[in-house]
Amino acid sequence: MTSGSKVLPSYREVFSVLEGLGSLATSPEEVEKLLGDCSDFLKGCLDSFKPPSSASKAAVESGTVSGYGDQPLNLNESIRKVTVEASTRLALDEVQTYALLRRCLDEDKSPLPTACDDDLVVRLTRYYFAERLQLMKCIQALLERGTDAEHDDDDEVTPALAHARACLRDLLAGGLEEKLTGALCSHMRGSTPTRPAVYSKDRRRNAQLAKMWATQALEETQVMLDCAFYMYYSPAVRCSASGFARLAEAFEEGALGRAPASAAELVNNAWVDGERGEEYARETVNGFSDSFRAMCSVILIEAMDLEDVVQSLNAADGGDTHAMLNVDAMKDVAKALGKWPSDATHGPVLLAWATLLSLAPSAASGLTPPPEADPAKMSARAAGGDAGFDSLLSLLRTDYIKGIGHACKSVLKNLFTASLAAFDVLPVQRLKPGELDALLDILSELVEGQPILCEQFWGGSHGDGQEAPLMNLLVGCRERHPADGVPLLRALSALASGPDAAACALAFLSRSPTVALPTPGPGADMAGSIVPIGRDGEPMRKWKLAMERWEGEYADYEQRRDMGWGGDAPPAPPLPAGPGRSAG
């Protein structure tokens, strides 16, 4: 599919059509023509918005423009001057500026302007920013539809959706990955190539434009992070080691190691919004910062493709060649992550990297990691400080991750299961109660309320693949039952989201062995035969104190009985509610 038009598309219109791809009412012919016309622009990502150029300026000043509408247009002298000046203010190609200007005016139902005043610049800037954002949302929509392909039956794919996926294949073949990641890294570093110029004499208006741009940069970065995730989530795109290193360095510079590059500009210009402007700006920056850190971690984890590493372990022929299972690739990644601290922010990515290195010798026959990628040293870094499984749990508990769909959690579930296998965490019986609780907390955050992930688990849990470590965890919890039934119930509760998964969980529970224990009698002979235990695996403090009181009361009772004082009944031994274990 190649572009049949050099006219700057209306990305709002394109996005509206892409949102309706699943509808039978969407015209396949309209989708094919629209995506064909804008294909080259979509390939360029934000670079499709060009900076001013002498050739474009000359075209506008000549009075004839062919970049808006189907036919060339004749421009009068005043609109030529307005277009050139607006182009300078927006730092945007002159012909593209004219196209946006006409669409902005058509939307407002305004007459053609005779002067480029500050009000027009603000209106046009808002329209321009909206189109930039819609461009990235169009790419995101195509990538999302592409990642759904493996779950669709052939008879569920409408002709319109088929055209969209053909367009996506064309974009990826045309270098979309390089353009997208390049723009994303630029935004992370704060070196975006185009931004409106400050020409107004009004200090408040200049601050308003600067704040608008800072907000725009944050919003564009968020959408590009989502695009990058869906791109690498698709089996059609594999991240190279050099690409991973470039992303890791940019993410560290613009999200993981500090606040986003545009944050300071947004806060510094927030005074234009009045007394609460700065407070609101800081809340906005904090929200973007949290979501950036979460998505950067998930993208880097997904880029390592641990699922493919695990599949290589089980493939008779070793599977396809993994992009990072060679010495040169490991050196690139190790260099990029070499100075990362073992803290909660960097911990999930370090855990993924340590997992890959631990599995590498088995996944790629004959591979010996280089000294800078030593599995033992990397495992120590990944487990040190606030990293390790605690950092994965912290990531899962962020508001952004808790509020998204199953795709991101699927990536983190792959990390969890692969790390269980890589570091020989199981069997459950040798785990301390606190360690088992941490694993069950992670499991709950991953799959609770995620029917698709639960069904994936039950569907693949009886093989030797990605779900096997989770099944081993579940079986280990069952082996602790009934002496300690809480872990089993917690695990099954998490894995029972959705009717099909709930049925599987119930069937698993029904096959569990049962043990009958005698009910403690009222007499002193059964005192202490059943010991209530706490979450730390030790007898409950409340029960121990009650037993001490009872022992004193029972000693007094025996003394009165032996001396013939009173005929009162003996005090009953305590048994507080809670998990129990046999003392025998």
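Read-outs: derived from the displayed coordinates by stated rules, not from any lab. As the structure is a computational prediction, the values presented were derived from the model and not from experiment. When we count neighbours, we look across all protein chains shown, and the Cβ atoms used for this are built from the backbone with ideal geometry, even at glycine.
What the table below lists for this structure:
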| quantity | calculated |
| --- | --- |
| Linear extension gain, residue 561 paired with residue 368, 0.36 nm per residue minus alpha-carbon span | 61.7 nm |
| Estimated dipole of the chain in Debye, rounded to 20 [Cβ of Lys and Arg +1, of Asp and Glu -1, Cα centre] | 1320 debye |
| Entry for Rg and Dmax of the Cα atoms in Å (calculated from the structure that is shown) out of (i) 27.8, 96; (ii) 31.3, 122; (iii) 30.3, 112 | (ii) |
| Low-density loop positions, trypsin sites (Lys or Arg not before Pro), segment 208-310 - DSSP coil, at most 10 other Cβ in 10 Å | 276 |
| Distance from segment 318-351 to segment 8-64 (C-alpha centre basis), Å | 38 Å |
| Cα-projected label distance for residue 271 with residue 114, points at 7 Å along beta-carbon direction, nm | 3.7 nm |
| Rounded tilt (10° steps) of 541-562 against the dominant C-alpha axis of the chain | 20 degrees |
| Positive dipole terminus of the chain, leading residue within 496, 236, 375 (C-beta point charges) | 375 |
| Sites matching trypsin sites (Lys or Arg not before Pro) across segment 371-437 that sit in DSSP coil, with at most 14 neighbouring C-beta atoms within 10 Å | 397 |
| Whole-Å distance, taken between Cα centres, linking segment 246-316 and segment 380-414 | 14 Å |
| Options 534, 181, 565, ranked by Cα towards positive dipole end of the chain, top entry (Cβ charges) | 181 |
| Cβ-derived FRET efficiency at R0 45 Å, residue 126 paired with residue 258, nearest 0.05 | 0.95 |
| Inter-label distance for residue 432 and residue 510, nm, one decimal - labels placed 7 Å from Cα along Cα-to-Cβ | 4.0 nm |
| ³J(HN,Hα), Karplus 6.51/-1.76/1.60, whole Hz, each residue of segment 436-441, x for Gly, Pro | 5, 4, 5, 5, 6, 4 |
| Per-residue Cβ neighbour rank within 10 angstrom, fewest leading, 481, 322 | 481, 322 |
| Candidate lysines for bridging to residue 377, where Cα separation is under 26 Å - those fewer than 8 sequence places away on the same chain excluded | 331, 335, 339, 413, 432 |
| Most to least packed among 136-142, 204-210 [average Cβ atoms within 10 Å] | 136-142, 204-210 |
| Mean separation of Cα contacts under 8 Å, 6 or more apart, over the residue count of the chain: relative contact order % | 9 percent |
| Where Cα atoms sit under 15 Å apart: lysine pairs in segment 1-174 separated by 8 or more or lying on different chains | 5 |
| Nearest-0.05 FRET efficiency for residue 279 and residue 479, computed from C-beta distance (R0 51 Å) | 0.45 |
